[in-house]
Amino acid sequence: MRKTLTILMAVLALTIFLIPCAFAHTPLCSCSDEGDGTILCEGGFSDGSSAAGVEMRVLDSTGKVLIKGKMNEDSEFTFKKPEGEYTFIFDAGPGHEVKVPSSEITE
Amino acid sequence: MTLDEVKRDQECEIVDIISEGIMGQRLLDMGFIPGTRIKVIRNAPLVDPVEFLLKGYHISLRHSEAKKVEVNLL
Amino acid sequence: MSSKSDKIVVALAGQPNSGKSTIFNMLTGARQHVANYPGVTVEKKTGSFRQDGARIELVDLPGTHSLTSYTLEERIARDFLLNDKPAAVVDVVDASNLERNLYLTFQLAEMDVPLVINLNMMDVAEKRGHKIDIQKLSRQLGAPVVPTVGNKGKGKERIRETILATSKKGRAAPFRIDYGDKLEPILDSLEKRLSEETEISGRYPVRWLAVKLMENDEEAQRVVRKYSKKSGTILRLAEEKREAFTLEHKKSPQKVIAIARHKEAQRIVEASVTRKKEITSTLTDRIDQVACNRYLGPVILVATIYLIYEIAIVQGYRITEYTWPVLAWSRDLIASLLPSEGFIFDPFFRSMPLWVVDGTIAVLNYVPIFLILFALIAILEDTGYMARMAFILDRIFRHFGLHGQSVLPMVIGGLYVGGCAIPGVLACRGIKDEKARIATIMIVPLMNCLAKIPFYVLLVGMFFAAYKGIAMFFIATITIIIALSIAKILNLTVLRKKESAPFVMEMPPYHLPTIQGVLRRCLERTWLFVKKIITIVIAVSVIVYVLIYFPGISKERKTHYISQSDQAQQTFFEKTGKDNSYTGLMTGDNLMEFTRYWRDYKKAKMGAKGKNAKEAIDQEFREKNFEFFKIVKKGKYEVKGEMIKDKHAKKVYNAYKKLSKTTNKLRREIKDETIITSYMGRAGRFIEPLTRWAGFNWRVNIALMSAFAAKESSVATLGGIYQSPPGEKDTLEERIKEKEKGWTALHVLAIMLFMAMYPPCIPTLLMVKLETGSTKWMLFATFYPIVLGIIIAVLVFTGGNLLGLSGMQAMIAFYILALIFLVLMGLIKREAEFI
């Protein structure tokens, strides 16, 4: 009986696979100036998925990559505030990118 | 000769359809009957299928299908 | 004729490309209803209109060239005319192609239903220099003829009047084609026999039946068998006559009949139509010279496909960035109505409904993409370019059991940046060949669904960082390669018994689609989808929730977490300092209130687009609770034009940040523990012996399953499961590598490939059921990818291990293997289908 139950559970569990594309999400990102010389960016996805592990890039005004990194477990990324204009890119893959220009990053 | 042997821009006249069943019926339905004139318009970029002009409209057939149409070159 | 409620039922028939849909829309306007013919996947459109006080219900029959019993569409059209006994049938005829269209007209006339001939596309006929004597034509056909220009609405009144008048007549004008003096006597004798059978003669026009029997029509034979007492004799008689005829005249009766019809059509056209000028090359011809050109054709095709892809998927996805906030807003609205969240635990009646809501809006988020895709598909169909696509690609696709038209669904299902299988499966509707259609439906979900892309990127970033470009190219293209091979395999095995349809395809003249028609179709389809999908999604979400969150963590563990959380709160108060002016605001329940404020603020800020939106949010939260606002703004805020720097608020902010971090960590831990001990977690462990060969141990199983259910990115979940003891700062990769010695790029490759083959999501499966009309296929579409995925994962992992390959090596090796397999599959010849 126990075995059947476990098998049943396993089969039911496989229905996990049938959930509406769980990654069906739009990438979201917001950054703020911490005021102590660092910028804190938080990322996420519209369906509530965390963005932990997603790649980040900071480009200067010429497009050169200044800083590269990944979102931490809290879906956050902190970096030193660069001089001048810069752009922050949250990159979850082609078509899943969010660009935040420094002009939008306020305290 | 059969329709698949007719070259581009050539015209021919249908003699008979050598196929029964759904294939033959389809050809007949679409106007491929004895006496009809057909012109070969072009081949697809990969040679097959072939576009034909008959009675003012265009039909494309695969070579294997055109083979079922017996024609006389004009 | 139905006598109840004054409703007059009229059928609308016509050959494909005659403008039947446009006429249907013209006559019925907004009052339309789409369903399926019972038991099949063919769309049944009904609409209605009022004319002189009567209500007329118009049924749009499938467009067919003829009325044999060979295809489903023809059978449906016939059945409707014979069994539903409409008061009249309107035959929409392409005036510029009269001769061929009459082939169908004759068959309709033989069915004894009062006929109205709608001579449509008169403008095209005129352009071609055809002058049609309407009166003469009407006399010859014995039915009213009404000219129209459907896409301009010309002739609407007249055709409505004629429909009403004809349906009131009650009896069809007798119409006979002379099938020649060799066949007519046979038909007469059959007719006599059939008339004797009252069961039959009461139901079916005997002349029509006699003709069909001589055509060796299966459905006709079935009818005779069913209703006639002496069916055996009649059928044998028909058989004998057929054989004798063929023997004597070297032509089968069906051939003679078909020829007779065409000849009659020819005769009628010659009598009623004068051709003024001999058109040598129409605009369509000139366009086709480029579109079907040997070299330019494929280029234009690729460009078109790319354009569709770019507009629908890439731009469509961008649009979701604007529609998402609307969905998020409604989610938050619902969230605010539910019991509020706790510090580290949320009540069931909050987390479950929210879970369901999240699942639903995740699907609804796709609606903009659907709208665009459906519109583009409609445009492609209407312009006639679809036929050219099939023309160009048929050769290649044929080798894999697919059709030239299969390309569009596959593209929609996803190329490089992603796609969606839901509209992809729907796009298969146009594929006439049933074998190819089902094969296409089965492989569309193997394409690169939008949802899978971020997952690939994450894993590639994790283990193939140095070869990112190559790895992405690999995963993007391997799906097509595998899909084509699978199509061939399906063609050779499961689909073997299905009939392959003849290609014989008309290349219609190019048409400018009407905006109305396109919009109507795209809205119709999107609405239908939303209606059907939502209920199922909700139901499944509930089931999944139970599987993941029950039985839940034990009481002891709960206590453990609560004490952790209490500790963190203690630390918080210590950090803010005893003399902090804000401390009073944060004690007791207020801390929870602040927590909600904090979370709401973060969320709102994240969803906001652009400076103005962000400022608006600040304004909103400032008004909500000014004290809290000061804190979340780190003590920097404006009062009467002056910027204040509030040190106390800043201190609280910093302390709270730490608290928040700890709280989030606790929440994650709770979630992971809940999942591991849940029913699903147990399942993950249960299937481990099998999945081990694919390199998935139970932790990976759970990570995979929860990645798709718990909506945590798989990397985070993996991180949660490989929890490092507090204090250690190892990165995720290091932690994994520690715990699972030997967990390499090979593992990840196996996982990625498994994910690529992943079974389709529920909305897609529903689409599959809709389009195939069978639950059997839906189940097949669910399970075969799992099998396929496991086989490939096992092959890659175990094979890679045995051969001592690195991740990259295995990737390349597998790619080459898949390509070779593909070519081999393509070379296998199907048995000859037709005699």
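Observations
- Nearest 10 degrees, 0 to 90: helix C:453-463 Cα axis against chain C principal axis: 50 degrees
- Relative contact order, percent, chain C [alpha-carbon distance under 8 Å, six or more residues apart]: 9 percent
- Between the Cα long axis of helix C:184-196 and the first principal axis of chain C there is an angle of about 70°, rounded to the nearest 10.
- Region C:398-494: equivalent-ellipsoid semi-axes (sqrt of 5 x gyration tensor eigenvalues, Cα, Å): 27, 14, 9
- Accessible surface, per residue, of chain C when the full set of protein chains is kept, probe 1.4 Å, Å²: 44 Å²
- Pairing chain C with chain B buries about 3700 Å² of accessible area. This figure sums both sides and uses a 1.4 Å probe.
- Cut-off under 5 Å, modelled amide H: who pairs with A:E73 long-range: none
- Loop-located trypsin sites (Lys or Arg not before Pro) in region C:191-274 (DSSP state other than H, G, I, E, B) with a sparse environment of at most 11 neighbouring Cβ atoms within 10 Å: C:K250.
- With contacts taken as Cα pairs under 8 Å at a separation of at least 6 residues, chain B carries a relative contact order of 44 percent.
- Our helix-only sum for chain C, with -39,500 (n - 2.57) per DSSP H run of n ≥ 4 divided by its residues, gives a mean residue ellipticity at 222 nm of -20500 deg cm²/dmol.
- Accessible surface buried upon C-A contact (total; probe 1.4 Å; Å², nearest 100): 5500 Å²
- Measuring with a 1.4 angstrom probe and ignoring ligands and nucleic acids, C:E321 comes out at about 40 Å² accessible.
- By definition, a body whose alpha carbon gyration tensor gives a ≥ b ≥ c is oblate when a/c is 1.5 or more and a/b is not larger than b/c, and region C:555-670 fits this oblate description.
- Accessible heavy-atom area order of C:Y103, C:Y322, highest first, probe of 1.4 Å: C:Y322, C:Y103
- Cα centroid separation, region C:634-695 to region C:166-236 (Å): 77 Å
- Under 21 Å from the Cα of C:K255 - lysines, other chains or at least 8 residues apart: B:K55, B:K67, B:K68, C:K182, C:K212, C:K241, C:K263
- Protein-protein interface of region A:70-107, residues with accessible area decrease of at least 30 Å², isolated chain reference, 1.4 Å probe: A:K70, A:E73, A:D74, A:A92, A:P94, A:G95, A:H96, A:E104, A:E107
- Burial of 50 Å² or greater, region C:412-457 residues [accessible area, probe 1.4 Å, versus chain by itself]: C:A451, C:P454
- For region A:26-104: accessible area per residue (Å², 1.4 Å): 38 Å²
- Accessible-area value, B:H58, 1.4 Å probe, nucleic acids and ligands omitted, Å²: 30 Å²
- Karplus 3J(HN,Hα) series, Hz, for region C:347-354 with 6.51 cos²θ - 1.76 cosθ + 1.60 (x for Gly, Pro): x, 3, 6, 9, 5, 6, x, 5
- Sequence of C:W324, C:W527 when ordered by accessible area, the most exposed leading, probe 1.4 angstrom: C:W527, C:W324
- Accessible surface of the protein assembly as shown, 1.4 Å probe, proportion on carbon and sulfur as whole %: 58 percent
- Less than 5 angstrom separates the built amide H of C:Q51 from those of C:I56, all sequence-distant by 5 or more or on a different chain.
- Reduction of at least 20 Å² in accessible surface, 1.4 Å probe, comparing all protein chains with the chain by itself, residues of region B:26-46: B:R26, B:L28, B:D29, B:M30, B:I33, B:P34, B:R42, B:A44, B:P45, B:L46
- Ordered by 1.4 Å accessible area with all protein chains kept, C:F49, C:F348 run largest first as C:F348, C:F49.
- Averaging the Cα positions of each part gives two centres, and for region C:391-414 and region C:266-322 these lie 17 Å apart.
- Within the full protein context, the accessible area of C:L72 is estimated at about 60 Å² for a probe radius of 1.4 Å.
- Angle between chain C longest axis and helix C:156-169 axis [Cα atoms, degrees, rounded to 10]: 60 degrees
- Neighbours of C:D133 by Cβ distance under 12 Å: Lys/Arg scored +1, Asp/Glu scored -1, total +2.
- Region A:26-104: relative contact order in percent, alpha carbon pairs under 8 Å with at least 6 residues between: 30 percent
The values are calculated or read from the model by the stated rules, or taken from the named source; none is laboratory data. Model, not experiment: these values are computed from the prediction. Cβ: placed from backbone, ideal geometry, glycine included. Neighbour counts: every protein chain shown. The accessibility values were calculated without ligands, DNA or RNA, using every heavy atom of the protein model including side chains. Shrake-Rupley method; radii C 1.70, N 1.55, O 1.52, S 1.80 Å.
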